[in-house]
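J.: Attaching a single structure in structure tokens format; questions to follow.
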Amino acid sequence: MLANDRLIRAIFRQKLDRTPVWMMRQAGRYLPEYREVRKKAGDFLSLCKNPELACQVTLQPIERFPLDAAIIFSDILTIPDAFGLDLQFVEGEGPCFNNPIRTSQAITSLPHIIPELELAYVMDAIRMAKQALGNKLPLIGFAGSPWTLACYMIEGSTSKNFNEIKRFLYRDPVLLHQLLSHLSHATTDYLNAQIAAGVDVLMIFDTWGGLLSRSHYLEFSLRYMQEIIQGLKPAEKKQKVPVILFTKNSGLHLEEISRTACDAIGLDWMTDLREARQKVGNRVALQGNLDPAALYAEPDIIKQSVKRILEEFGQGSGHIFNLGHGISPDVDPSHVAVMIEAVHEWSPAYHR
Ligand code: CP3
């Protein structure tokens with residue numbers, strides 16, 4: 001049993017004393033102690049691949065702030081890297097694959113990976129972080145959605161509109177489905193390995209599902225996330241590991257997302273929490289959704305923004321406080337403390 005199980009209780013909409021809070025990208029460049037360890041590792045990917053250091057940076061935000069969860073330090077692009085696409089992070093330019101997908105043969109010959117072997121560094125970091133956390137806090141594991149991984153694998157790097165995969169979608173949808181299906185199987189195995197290694201909650205990041213039209217979103221993104229969730233197996237003698245599904249820019253599809261087997265939906269900051277709650281009813285919990293830029297504001301404004309989010313969700317359990325996307329690297333850590341404090345101070349009123 002976890003000493004602090006607020007996150008799990010909120011996901012299952014059970015009674016709580018206050019709203020749990022954690023942040024996407026909570027271990028990252030806005031923390032000086034993170035920059036220090038990254039320097040020691042050399043670069044971001046070497047940090048991900050070093051379980052001791054990955055475990056150390058996983059714990060940094062929870063040592064500094066009274067958060068209700070830790071998230072394992074890694075990246076969504078570990079799977080394509082394990083396929084042999086050779087991931088690299090160029091300073092200031094984001095992710096880049098040295099061997100992006102350029103031919104149909106590159107898709108049909110993608111290898112089957114065994115996550116416990118090819119991605120052993122992730123499972124080792126999870127086991128170390130679980131050991132260090134003891135039963136204090138839940139540990140969140142994660143993966144990218146097949147659609148979002150395919151965006152990077154086909155574009156080869158980050159992009160504004162990912163036109164390469166859009167072109168592919170219109171020209172060869174059958175082959176794209178083959179790629180998404182392959183990614184979906186690999187991701188299911190990867191998340192099952194994370195469950196076996198000890199994670200308490202899983203999150204699927206679909207950063208680019210919002211680029212798709214409604215029918216394409218259902219066909220090329222949501223469907224595969226649903227297949228992944230259906231393929232998850234609880235660890236021996238343990239209860240089901242809940243899944244948070246985050247599609248950025250998904251406000252128009254909340255009803256459909258809530259009808260997959262997910263347990264909570266992550267919301268970006270464009271979505272109104274009150275309307276979202278009406279749409280999803282009692283089917284799932286909601287996570288979010290403070291605009292990450294609100295952390296640039298003066299403390300008073302940050303507090304008011306937190307209050308507004310809590311008020312938008314309203315009374316009762318089923319809300320996990322978070323940002324609407326990852327924290328920016330140039331945020332002052334003392335502003336994060338203000339945000340968390342405000343959640344602690346004001347959220348109990350919504351749980352009476
Ligand atoms: O949330 C956490 O603290 C856990 C760690 C985590 C990272 N990336 C660490 C990271 C998680 C959950 C991710 C997910 C991820 N990675 C996503 C989906 C989430 C989202 O933001 O929508 C995506 C699209 C990626 C791919 C990726 N990795 C990008 C686009 C970048 C940014 C590059 C940049 O220079 O800003 C990364 C790098 C990355 N992943 C960093 C961190 C802390 C920054 C690396 C550094 O320079 O130290």
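J.: How are the C-alpha pair distances of the stretch 135-198 spread across 10 Å bins, as whole percents from the shortest bin up?
T.: Whole-percent P(r) values from 0 Å outward: 19, 41, 24, 13, 3, 0.
J.: What are the trypsin sites (Lys or Arg not before Pro) within the stretch 213-261 that DSSP puts in a loop, where the Cβ has at most 10 other Cβ atoms within 10 Å? Intermediate values should be presented prior to the final figure.
T.: On the way: sites: R214, R223, K237, K238, K240, K248, R259; in loops: K237, K238, K240, K248, R259.
Of the trypsin sites (Lys or Arg not before Pro), the ones in loops of the stretch 213-261 whose Cβ has at most 10 other Cβ atoms within 10 Å are K237.
J.: Once the Cα atoms of the chain are picked out, what are the Rg and Dmax in Å?
T.: 19.3, 59
J.: How would F97, F73, F12 line up from fewest to most surrounding beta-carbon atoms within 10 angstrom?
T.: Values: F97 21, F73 27, F12 15.
The order, fewest Cβ neighbours first, is F12, F97, F73.
J.: Among DSSP beta bridges lying fully in the chain, give the percent that are antiparallel, nearest 5.
T.: Just about 15 percent of them are antiparallel.
J.: Say the cut-off is 19 Å between C-alpha atoms; which of K49/K130; K160/K248; K130/K248; K130/K237; K248/K279 go over it? Walk me through the intermediate numbers first.
T.: Working: K49/K130 17 Å; K160/K248 14 Å; K130/K248 29 Å; K130/K237 17 Å; K248/K279 17 Å.
Over 19 Å apart, Cα to Cα: K130/K248.
J.: Moving on to the next point. Among the GluC sites (Glu not before Pro) within the stretch 165-242, which fall in a DSSP loop and have no more than 14 other Cβ atoms within 10 Å of their own Cβ? Present the calculation step by step, with values, prior to reporting the outcome.
T.: Numbers: sites: E219, E227, E236; in loops: E236.
Here the GluC sites (Glu not before Pro) that fit, given the DSSP loop and packing criteria, are E236.
J.: Now for a separate question. Which value in deg cm²/dmol, rounded to the nearest 500, describes the helix-derived mean residue ellipticity at 222 nm for the chain, given -39,500 (n - 2.57) per DSSP H run of n ≥ 4 and division by the residue count?
T.: Working: 15 runs with 152 residues, N = 352.
When only DSSP H runs of four or more count, the value is -12500 deg cm²/dmol.
J.: Apply the Debye scattering formula to the stretch 143-240, with a single equal point scatterer on each alpha-carbon and no solvent, then give log10 I(q)/I(0) at q = 0.15 Å⁻¹.
T.: Evaluating at q = 0.15 Å⁻¹ gives log10 I(q)/I(0) of -0.59.
J.: Something else: Using the crude model of +1 on Lys and Arg Cβ and -1 on Asp and Glu Cβ, and no other charge, please compute the dipole size for the chain relative to its Cα centre, in debye to 20.
T.: Working: 37 positive and 40 negative charges, 169 e Å.
For this selection, approximately 820 debye.
J.: On to the next question. Hey, with R₀ at 30 Å, roughly what FRET efficiency would Q278 and Q178 work out to, going by the Cβ-Cβ distance, to 0.05?
T.: Numbers: r = 38 Å, r/R0 = 1.27.
The pair Q278/Q178 has a calculated efficiency of 0.20.
J.: In whole Å, what is the distance between the alpha-carbon centres of the stretch 30-66 and the stretch 255-328?
T.: Computed from Cα coordinates, the inter-centre distance equals 27 Å.
J.: Exposure proxy check: W147, W22 ranked by fewest other beta carbons within 10 Å?
T.: Values: W147 31, W22 25.
Least crowded to most crowded, the residues run W22, W147.
J.: For helix 120-133, report the angle its Cα long axis makes with the longest principal axis of the Cα atoms of the chain; keep it between 0 and 90° and round to the nearest 10°.
T.: The angle comes out at about 10 degrees.
J.: Tally Lys and Arg at +1 and Asp and Glu at -1 over the other residues with C-beta under 14 Å from the C-beta of F246: what net charge comes out? Mind dumping the intermediate values first?
T.: Numbers: positive: R25, K248; negative: D206, D263, D268.
So the surrounding residues net to -1.
J.: Could you work out the local net charge near E164, counting Lys and Arg as +1, Asp and Glu as -1, over the other residues with Cβ closer than 15 Å to its Cβ? Walk me through the intermediate numbers first.
T.: On the way: positive: R102, K160, K166, R167, R171; negative: E155, D172.
Summing Lys/Arg as +1 and Asp/Glu as -1 gives +3.
J.: Oh, and also: How much net charge surrounds L273 when only other residues with a Cβ under 13 Å from its Cβ are counted (Lys, Arg +1; Asp, Glu -1)?
T.: Working: positive: R274, R277, K279, K307, R308; negative: D268, D272, E275, D291, E311, E312.
Overall, the nearby charge balance is -1.
Since every read-out is calculated from the coordinates, none of them should be taken as a lab result. If you're wondering where the values come from, they're calculated on a predicted model, not measured in any experiment. Every residue, glycine among them, receives a Cβ derived from its backbone with ideal geometry; neighbour counts consider all protein chains shown.
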